[in-house]
Amino acid sequence: MGKYFGTDGFRGEANVTLTAEKAFKVGRFLGWYYGQKHEDGKARIAIGKDTRRSSYMLEDALSAGLTSSGADAYLLHVTTTPSVSYVVRTEEMDCGIMISASHNPFYDNGIKCMRSNGQKIEPEIEEQIEEYLDGKIGEIPYAKREQIGRTIDFSAGRNRYIGYLMAIPTRSFKRLRIGLDCANGSASAIAKSVFDALGAKTYVMGNAPDGLNINRGCGSTHIEALQNFVNDNGLDVGFAYDGDADRCLAVDENGNIVNGDHIMFLCGKYMKETGALKDDTIVTTVMSNLGLYKACDANGMRYEQTAVGDKYVAENMLANGYRIGGEQSGHIIFSKYATTGDGILTSLMVVQTMLDKKQSLSALAGEMKTYPQILKNVKVFDKAAAQANPKVQEAVSAVAKALGSDGRILVRESGTEPLIRVMVEAKTQDICREMVDSVVKVIYQEGLAIE
């Protein structure tokens, strides 16, 4: 983890941690860095944003930074993170920038940077940006005269992405009653038009952004709103996106939540049946539910586990050519169609699977049993010392032995906070609680926790 950049870009409260000045300097660096790769010094960089009030301010600051370094800034306006990734890849641009804090409240914002293949920017470039922000790199020269860059309205790029999504399903969605919760975010400008074009009877909520209501009581972080919406309107399926629409959770026709693990299983299983699942393997993070792995074992599917973060899933998939991977939170990557998580694409693939298999979402997801899970965060003085403590390791081993094949324990460090996360999955909530508490108790007894 860097000083500014985490697993999902530079994120913080707008005008507190993430200021217009810092955004300007990020633009300055990126415009200069990628400009060096061209004889004329002119990079082509796409910018998209979500619906937060501060996104407009940051868009202007980034654009000023890019153009003052000689780059041309292609403005996609309000759009989704995966659409920026798509445009960067298909238009052969040098870099893409998405202004969004994803599922965070409206007062936070973020800058996500993408390389030319649409995946997240390399860590070494993030490190150089941080050094520039902190004055450790000399001043970057300003472009002059005809070398000064331009801002270009490129809403056409977003429209091409919408057309691309419409062309992916091979069946009409006619007669399906589909609910969409757009989180008052980026999906508000795109999702309904895609489902309408495919013939669905589309019902939409969370599609009236005002700059302050993104993720407020709606979207994937407030899935209960979609559950009620599906039940009240008698819908066949519902999908909830986050603020920048790079993740998706679903609700079945009975109002039950279908999370990212369920989606990976049911889509992966169908891909295996049709010969489209390379090496019969899906890619997960270590936080996926034990029930997913049990279901994979029962259906002859293999799985890889990565560190928490969709960028690690993407790296594994790229290195091995795997076709589906993701996180329980709904970041799902279908590598045949995209190089990053895409909430709208994920919902299309779920509906396609329902239609091809002629089954309801409850039937498809019901093949995977979710194990009860309890996660406790313990604030500690030193994360590494807490992990390495012999008594803690002994307690973790004792839990793992007691659970056997009917559960698991995972103890890991937070990437951004002074926390140790203790997670247990088992047959019952009571067992989970007992096992988690036994490890947390030792952390306190050893004087590792901050009271």
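The values are calculated or read from the model by the stated rules, or taken from the named source; none is laboratory data. Treat the numbers as computed from the prediction; the structure is a model and nothing was measured. Positions of Cβ are backbone-derived with ideal geometry, glycine not excepted, and every protein chain shown enters the neighbour counts.
Conditions (1) modelled with pLDDT of 95 or more; (2) among the hydroxyl-bearing types (Ser, Thr, Tyr); (3) over 17 Å from the mean Cα position of the chain (by Cα), marked per residue:
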| site | (1), (2), (3) |
| --- | --- |
| 102 | no, yes, no |
| 107 | yes, yes, yes |
| 110 | yes, no, no |
| 113 | yes, no, no |
| remark: The condition from (1) under 27 Å from the mean Cα position of the chain (by Cα); (2) not assigned by TED's automatic domain parsing to the domain that holds residue 254 that residue 351 misses is numbered (2)
| Given the conditions (1) within 18 Å of residue 259 (Cβ to Cβ); (2) touching a Gly at 6+ places or on another chain (Cβ under 8 Å); (3) among the β-branched types (Val, Ile, Thr), which single one is not true for residue 214? | (1)
| query | Out of curiosity, is residue 434 more than 21 Å from residue 259 (Cβ to Cβ), part of a loop (DSSP other than H, G, I, E, B) and not β-branched (Val, Ile, Thr)? | reply | no
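Residues are listed down the side, and each one gets a yes or a no for (1) out of contact with any Gly (no Cβ under 8 Å at 6 or more places or on another chain); (2) without any contact (Cβ under 8 Å) to a residue 12 or more places away in the chain; (3) over 27 Å from residue 218 (Cβ atoms):
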site: 16; (1), (2), (3): yes, yes, no
site: 20; (1), (2), (3): yes, no, yes
site: 74; (1), (2), (3): no, no, yes
site: 93; (1), (2), (3): yes, no, yes
site: 107; (1), (2), (3): yes, no, no
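Kindly indicate the residue of the stretch 18-39 that is modelled with pLDDT of 95 or more and not in a helix (DSSP H, G or I) and also surrounded by the fewest Cβ atoms within 10 Å (Cβ to Cβ) among those meeting that condition.
Taking the stretch 18-39 as the starting set, the residues that turn out to be modelled with pLDDT of 95 or more are 18-35.
Subsequent filtering for residues that are not in a helix (DSSP H, G or I) retains 18-19.
On the way: 18: 25, 19: 17.
Here the answer is 19.
Residue-by-condition table, conditions (1) part of a loop (DSSP other than H, G, I, E, B); (2) in contact (Cβ under 8 Å) with a residue 12 or more places away in the chain; (3) aromatic (Phe, Trp, Tyr); (4) crowded, with 23+ Cβ neighbours inside 10 Å:
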site	(1), (2), (3), (4)
180	no, yes, no, yes
195	no, yes, yes, yes
199	yes, yes, no, no
210	yes, yes, no, no
214	yes, yes, no, yes
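Suppose we filter 335, 414 for residues that are more than 25 Å from residue 181 (Cβ to Cβ) and either in the same structural domain as residue 294 (by TED's automatic domain parsing) or touching a Ser or Thr at 6+ places or on another chain (Cβ under 6 Å) (or both); which single one remains? Reasoning before the result, please.
Numbers: 414 fails: either in the same structural domain as residue 294 (by TED's automatic domain parsing) or touching a Ser or Thr at 6+ places or on another chain (Cβ under 6 Å) (or both).
The conditions single out 335.
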| Of the residues that sit in the stretch 261-301 and are closer than 20 Å to residue 405 by Cα and among the β-branched types (Val, Ile, Thr), which one is farthest from the chain's Cα centre (by Cα)? | 286
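Taking residue 49, is it charged (D, E, K, R), within 22 Å of residue 311 (Cα to Cα) and at pLDDT 95 or above?
Values: charged (D, E, K, R): yes; within 22 Å of residue 311 (Cα to Cα): yes; at pLDDT 95 or above: yes.
Yes; evaluated as a whole, the condition is true for this residue.
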| query | When you look at residue 423, is it in contact with a strand residue (DSSP E or B) (Cβ under 9 Å, 6 or more places away or on another chain), part of a helix (DSSP H, G or I) and outside the structural domain of residue 117 (by TED's automatic domain parsing), yes or no? | reply | no
| Cross-chain or 6+ apart pairs with Cβ under 6 Å, the stretch 23-47 first and under 21 Å from residue 4 (Cα atoms) and in the same structural domain as residue 77 (by TED's automatic domain parsing), then of a type in the set (Val, Ile, Thr) and part of a loop (DSSP other than H, G, I, E, B) | 28/140; 32/140
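Every residue, every condition in (1) without any contact (Cβ under 8 Å) to a residue 12 or more places away in the chain; (2) among the charged types (D, E, K, R), yes or no:
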residue	(1), (2)
140	no, no
144	yes, yes
150	no, yes
169	no, no
172	no, no
| task | Sort out which residues of the stretch 216-227 are in a helix (DSSP H, G or I), in contact (Cβ under 8 Å) with a residue 24 or more places away in the chain and either surrounded by fewer than 24 Cβ atoms within 10 Å (Cβ to Cβ) or out of contact with any strand residue (DSSP E or B) (no Cβ under 6 Å at 6 or more places or on another chain) (or both), and write them in order of number. | result | 221, 223, 225, 227
| Residue check, residue 375 against (1) closer than 30 Å to residue 176 by Cα; (2) in contact with a helix residue (DSSP H, G or I) (Cβ under 9 Å, 6 or more places away or on another chain); (3) surrounded by fewer than 17 Cβ atoms within 10 Å (Cβ to Cβ), all met but one. Which one? | (1)
| message | Tell me the residue from 383, 401 that is basic (Lys, Arg) and under 27 Å from the mean Cα position of the chain (by Cα), please. | response | 383
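Among 11, 53, which is the only one that is among the charged types (D, E, K, R), in the same structural domain as residue 86 (by TED's automatic domain parsing), in contact with a Gly (Cβ under 7 Å, 6 or more places away or on another chain) and surrounded by fewer than 18 Cβ atoms within 10 Å (Cβ to Cβ)?
So the residue among 11, 53 that is among the charged types (D, E, K, R), in the same structural domain as residue 86 (by TED's automatic domain parsing), in contact with a Gly (Cβ under 7 Å, 6 or more places away or on another chain) and surrounded by fewer than 18 Cβ atoms within 10 Å (Cβ to Cβ) is 53.
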| Could you list, in sequence order, the residues of the stretch 228-261 that are buried (at least 24 other Cβ atoms within 10 Å of the Cβ), of a type outside the set (A, V, I, L, M) and part of a helix (DSSP H, G or I)? | 260, 261
